[in-house]
Ligand SMILES: [Zn+2]
């Protein structure tokens, strides 16, 4: 680190749990953020300000006036611009050291898989189950830690999956695909602006902890926040041995 970096990151370096070594790991890390909306905005701002080396910011939408109530990466002047590009501008203003790669498409298929494979951590800030499950499958396959968050109305939730560990549960263990879950989008149901900030900032915190090695990650625990009462609930969960996505194949099968 040069002198300017030692100053810029001094308040992290002062933390015993991070220190110079942890900050070096942060500077060398590559993070994929899927979604530059309500959750992706605070997540990206904190990861960039903290000095993550490379941030790939993917979003297929453009900035809309209805986004500005909570999507703090974007500004009135950038309404109509691709969110990934608007986000790149915002992050460069805070920390020009960070390499930000904007991806102006809704990630799926091979493109998603290759971006996940080259990341040290993936932050799921998307707004639909198809993408959530596709991200999870790619993270399981490439054994990349996944930090998953959601916010709708006054309800938030967050958990992390350290898929580098073979006994780690995955998103599908917790929320099996195809179960009759109602998909709620902010455009239909509304969302309390600071709730997205709370959950998105926590996603950044979990990513920085996983990358720097500080503390205990939020793995195997789902935190649920009721924003109306500010009550948190913590629910423990385990790997589903029959999970269609992450269950390890039987090594020994009976021969005929
Ligand atoms: Zn699983």
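The values are calculated or read from the model by the stated rules, or taken from the named source; none is laboratory data. What you are looking at is a predicted structure, and each value in this text was computed from that prediction instead of being measured. No Cβ is skipped: glycine too gets one built from the backbone with ideal geometry, and neighbour counts run over all protein chains shown.
A few points about this structure:
Here's the yes/no breakdown for (1) closer than 24 Å to residue 152 by Cα; (2) in contact (Cβ under 8 Å) with a residue 12 or more places away in the chain; (3) not in a helix (DSSP H, G or I):
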{"site": "20", "(1), (2), (3)": "no, yes, no"}
{"site": "33", "(1), (2), (3)": "yes, yes, yes"}
{"site": "97", "(1), (2), (3)": "no, yes, yes"}
{"site": "100", "(1), (2), (3)": "no, yes, yes"}
{"site": "105", "(1), (2), (3)": "yes, yes, yes"}
{"site": "111", "(1), (2), (3)": "no, no, no"}
{"site": "123", "(1), (2), (3)": "yes, yes, yes"}
{"site": "132", "(1), (2), (3)": "yes, yes, no"}
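- Taken as a whole, the structure leaves residue 214 outside the set of residues that are away from the ligand (no atom under 16 Å from the Cβ), buried (at least 22 other Cβ atoms within 10 Å of the Cβ), at pLDDT 95 or above and on the phi < 0 side of the Ramachandran plot.
- The condition of being free of Cβ contacts under 8 Å to residues at least 40 places away in the same chain and within 30 Å of residue 243 (Cβ to Cβ) holds for only one of 119, 138, 92, that being 138.
Table: residues versus (1) out of contact with any strand residue (DSSP E or B) (no Cβ under 7 Å at 6 or more places or on another chain); (2) modelled with pLDDT of 95 or more.
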position	(1), (2)
70	no, yes
75	yes, yes
88	no, yes
115	no, yes
122	no, yes
130	yes, no
136	no, yes
159	no, yes
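- Unmet requirement for residue 240, which otherwise passes all of (1) within 15 Å of the ligand (Cβ to nearest atom); (2) closer than 22 Å to residue 34 by Cα; (3) touching a residue at least 60 places away in the same chain (Cβ under 8 Å): (2)
- Condition check for residue 111 on (1) surrounded by fewer than 23 Cβ atoms within 10 Å (Cβ to Cβ); (2) within 22 Å of residue 138 (Cα to Cα); (3) in contact with a helix residue (DSSP H, G or I) (Cβ under 8 Å, 6 or more places away or on another chain): one failure, at (3).
- Candidate set from the stretch 225-237 (those that are in contact with a strand residue (DSSP E or B) (Cβ under 7 Å, 6 or more places away or on another chain) and free of Cβ contacts under 8 Å to residues at least 60 places away in the same chain); member that is farthest from the ligand (Cβ to nearest atom): 232
- For the stretch 207-216, the set of residues classified as within 19 Å of residue 34 (Cβ to Cβ) and in contact with a helix residue (DSSP H, G or I) (Cβ under 6 Å, 6 or more places away or on another chain) consists of 211 only.
- The condition of being surrounded by 12 or more Cβ atoms within 10 Å (Cβ to Cβ), at pLDDT below 95 and within 14 Å of the ligand (Cβ to nearest atom) holds for residue 175.
Residue by residue, here is whether (1) touching a residue at least 24 places away in the same chain (Cβ under 8 Å); (2) surrounded by fewer than 18 Cβ atoms within 10 Å (Cβ to Cβ) holds:
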position: 28; (1), (2): yes, yes
position: 42; (1), (2): yes, no
position: 45; (1), (2): yes, no
position: 49; (1), (2): yes, yes
position: 59; (1), (2): yes, no
position: 66; (1), (2): yes, yes
position: 70; (1), (2): yes, no
position: 77; (1), (2): no, yes
